[in-house]
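Q: For reference, the structure I am asking about is given below.
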C-alpha cells in the first residue's frame, strides 16, 4: 500500500477547512434583486403600533414620502397620535419631512391664503397617500385664532382672529400647541424635531441656489445638533411674520417667505362604519 506523506495530509486538511468554513456565509436571498423599501434613518429605531390599536402618544405609520435622501426608495411616514375622539385620530408627522415657504410673498401671513396650505392639500396629499388612504383623511374645520394676548408684544388691533378654514392636511396653530403639548410655548423636549435626510439635502440645494443667484437670506439654518425649526399656521406678533417652533424647542416667529420645516397634521377616521377607515384596519 502506498503511504500518504504528511505534506499531502496537511494539504487535504487545509482544503477541508476551507470547504467547511468558507461555505458558512449567510445568504441574504437578495443576490439578484434589491429591496427598495426602507425606513428613513430618522425613524429606524421607532416602535410603531397598528392604527387600529393606537392610543394617544403612540407612533403609527401611514402613507409614504421621500425622506432618506434616496428617491428610489419608498419611505413610510411615521406619525404621533396627538388626540382621539371616537374613531377619529389626530396625527402629526414624527419628523420634519419637507422644507418649504409659508408663502412666496412676505406680505402673505394668513393661513387661508398661504402657499403652504395649497401645497399640503394638493401636492403632498396626492403624493403621500393612495386613494384608499385619502378616503380616510377627514375634512377638518380649523379655527385660526389671533396670537395677540398670547405672545408678549403682539398687537391685537392688527392681528385679529381669522375665519375658520376647512382642510384635510394642515399645520398646527399656537392654540393646538398649547392644548396638546400642555404649555404656553416655552422650550419643551416634546417640540424638538429632527429633519429627514431629504430635508437636509433640500436645504443644501436651496442654499447653493441662493449663493449662485445672490439673493437675500431666505432660509432657516437647520441645527441638527438639536432639531430644526418648523412652522405653525398662526401669524406672528408683527407684520409679515408667522409663528414657528425653533430648532431648540422655543416659540419664535420669522418672515413668511423664509424656508422652514414642515410637519403635516391631519384627522383620520380609523373606524369602518360605511366602509370608511376600512383600509386602515387591515
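Q: Quick one: 73, 166, 235, fewest Cβ neighbours within 10 Å first, how do they rank?
A: Working: 73 17, 166 10, 235 30.
Starting with the residue having the fewest Cβ neighbours, the order is 166, 73, 235.
Q: Sort 78-90, 128-140 for me by packing, meaning the mean count of neighbouring Cβ atoms within 10 Å per residue, highest on top. Walk me through the intermediate numbers first.
A: On the way: 78-90: 17.6, 128-140: 15.8.
The densest-packed peptide leads the list: 78-90, 128-140.
Q: If you don't mind, another one. May I have the convex hull volume per residue, in Å³, for the Cα set of segment 96-141? It would help to have the intermediate numbers written out before the result.
A: Numbers: hull volume 4.2 nm³, N = 46.
With only Cα atoms used, segment 96-141 gives 92 Å³ per residue.
Q: For the ranges 51-58, 259-266, what's the packing order if you count other beta-carbon atoms within 10 Å of each residue, average per peptide, and put the highest first? Please list the in-between numbers first.
A: Numbers: 51-58: 13.9, 259-266: 24.1.
Packing order, densest peptide first, comes out as 259-266, 51-58.
Q: For each of 102, 170, count neighbouring Cβ atoms within 10 Å of the residue's Cβ, then give the residues from fewest to most.
A: Numbers: 102 31, 170 22.
Taking fewest neighbouring Cβ atoms as first place, the list is 170, 102.
Here, each number is a calculation from the coordinates, and none is a lab measurement. Treat the numbers as computed from the prediction; the structure is a model and nothing was measured. Note: ideal-geometry Cβ built from the backbone for every residue, glycine included; neighbour counts use all protein chains shown.
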